[in-house]
Amino acid sequence: MSKKRLVALFATVAVAATLFAGCSKTEAPKTDANKPSTTKSSVKIGLSTDEGGLNDKSFNQAADTGIKKAQTEFGFDYKPIESKVKEDYENNLDALVGNGSNLVVGVGFQMETAIENIAKKYPDKNFALIDSGAFEDPTAKDPKQLKNVHSYLFKSEEGSFLMGVIAGKMTKSNKIGFIGGKDFALINSFEAGFAAGVKAVNPTAAADLMSRKTVKYADSFGDSAKGKELAKALINDGCDVIYHAAGGVGEGMFQAIKEAKDGGKNVWGIGVDMDQAATLPQYANYILSSCIKRVDTATYEAAKAVVNGTFKGGEIQSLGLKEDGVGIAPTSSKNVPKDVLDLVTKYQDAIKAGKITVPGKNEDVKNFTAPTV
């Protein structure tokens, strides 16, 4: 064999060895846990907000957060639509179905009629409704629920009761206010539970809440200017703790409280749905606590079920303190003394154990008496 042929042969063997060595040492690509899954799901999920919009720092934002968490894990397509007025609801839901969504989520009890109409129109599509049992009283023995709708209810009165305990213990003026979004049964449950909590620890301070003297409704879930106006009226009336269940309206309430507190008044606010000292950090020094409503957990579980093929329509799921569906904000220890939080824990445990049934209607608060904890 010639010298040239030997050199060529050795070169070929060397290249092949290099290639095989490279294959044996191939490293798995690095992934970023914060990015959506690279294993793309074929599922599409859509969400329509109520009039509060996606960035209300409250209810709608919590729903959006839950689906985005699921999207990060499962990599599906997600399309949210913001409703500006009630007339948008049905059109937005219809548009999401038209976009090919395997699950359409309607956020808020105001979406009930729209969800009912669209779910009947598309019986082969899946729907989730947040904060409404839909279509019949869920306390009935045999509530009729559309077979393609899964409803998530929250025992808002239980979480609000804990906020009432805090307010009743923290007030100095014995005047406490409440601001609601719309004067409907669902928001009334926040009001009733809050008043019951105040009554349990400070009956004197509960009197104006029960008579609704210090209760205001904005007739909106997005008008922050109205929230500021109502809060200023309550502060001028002597209220030094105000709780809201009004979505984006609450930001205006916090603005009024900040101005009053910066002006020398000892005034506090209590938030709702999310930990608002975290979602609205500019007001963290003015917020005692927030009633957490785990809407994000509900939307996450609904999205996950659709991806896994386990979604079940025709069901109404009710979530309270025992089910970890409502609770108290983690940041509460910043502005609420430990002895008050310890008392809150005692009431929370009593509710979970069934020793206290929190009223969800205003007319039931008058006859409510909390046992000693």
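Summary table below
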| item | result |
| --- | --- |
| Flag if E191 is part of a helix (DSSP H, G or I) and closer than 30 Å to K312 by Cα | no |
| Residue match in segment 83-103 (condition: part of a loop (DSSP other than H, G, I, E, B), farther than 20 Å from G180 by Cα and under 17 Å from the mean Cα position of the chain (by Cα)) | no |
| Residue among A260, A233, A284, A278 that is in contact (Cβ under 8 Å) with a residue 12 or more places away in the chain, under 16 Å from F178 (Cα atoms) and either outside any helix (DSSP H, G or I) or not assigned by TED's automatic domain parsing to the domain that holds V105 (or both) | A233 |
| Hits in segment 254-279 (condition: among the aliphatic types (A, V, I, L, M), within 25 Å of F184 (Cα to Cα) and within 19 Å of the chain's Cα centre (by Cα)) | I270, V272, M274 |
| Positions within segment 117-175 being part of a loop (DSSP other than H, G, I, E, B), among the small types (G, A, S) and at pLDDT 95 or above, in sequence order | S173 |
| Positions within segment 211-234 being small (G, A, S) and under 15 Å from L186 (Cα atoms), in sequence order | A218, S220 |
| Residue among S101, S24, S37, S41 that is more than 30 Å from I187 (Cβ to Cβ), at pLDDT 65 or above and among the polar types (S, T, N, Q) | S41 |
| Residues (polar (S, T, N, Q) and either out of contact with any Gly (no Cβ under 8 Å at 6 or more places or on another chain) or over 30 Å from T369 (Cα atoms) (or both)) located in segment 146-163 | N148, S151 |
| Among (1) on the phi < 0 side of the Ramachandran plot; (2) touching a Lys or Arg at 6+ places or on another chain (Cβ under 6 Å) - the single one D273 does not satisfy | (1) |
| In segment 287-321, the residues that are more than 20 Å from N60 (Cα to Cα), among the charged types (D, E, K, R) and in a strand (DSSP E or B) | E315 |
| Residue in segment 266-279 that is within 23 Å of S224 (Cα to Cα) and surrounded by fewer than 19 Cβ atoms within 10 Å (Cβ to Cβ) present | yes |
| Count of segment 38-82 residues which are aromatic (F, W, Y) and closer than 21 Å to K182 by Cβ | 1 |
| Residues satisfying the stated conditions in segment 183-215, i.e. touching a residue at least 40 places away in the same chain (Cβ under 8 Å) and of a type in the set (K, R) | K199, R212 |
| Long-range neighbours under 8 Å by Cβ, at least six apart or interchain, first residue within 17 Å of Q110 (Cβ to Cβ) and among the aromatic types (F, W, Y) within segment 52-65, second at pLDDT below 80 and crowded, with 23+ Cβ neighbours inside 10 Å | F59/G52 |
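Conditions tested, residue by residue: (1) in contact with a Pro (Cβ under 7 Å, 6 or more places away or on another chain); (2) surrounded by 14 or more Cβ atoms within 10 Å (Cβ to Cβ); (3) within 25 Å of Q71 (Cβ to Cβ).
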| position | (1), (2), (3) |
| --- | --- |
| S83 | no, yes, yes |
| E87 | no, no, no |
| N102 | no, yes, yes |
| G108 | no, yes, yes |
| I118 | no, yes, yes |
| D124 | no, no, yes |
| G133 | yes, yes, no |
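The values are calculated or read from the model by the stated rules, or taken from the named source; none is laboratory data. Remember, it's a predicted structure, so these values are computed and weren't measured experimentally. Ideal geometry is used to build each Cβ from the backbone, glycine not excepted, and the neighbour counts take in all protein chains shown.
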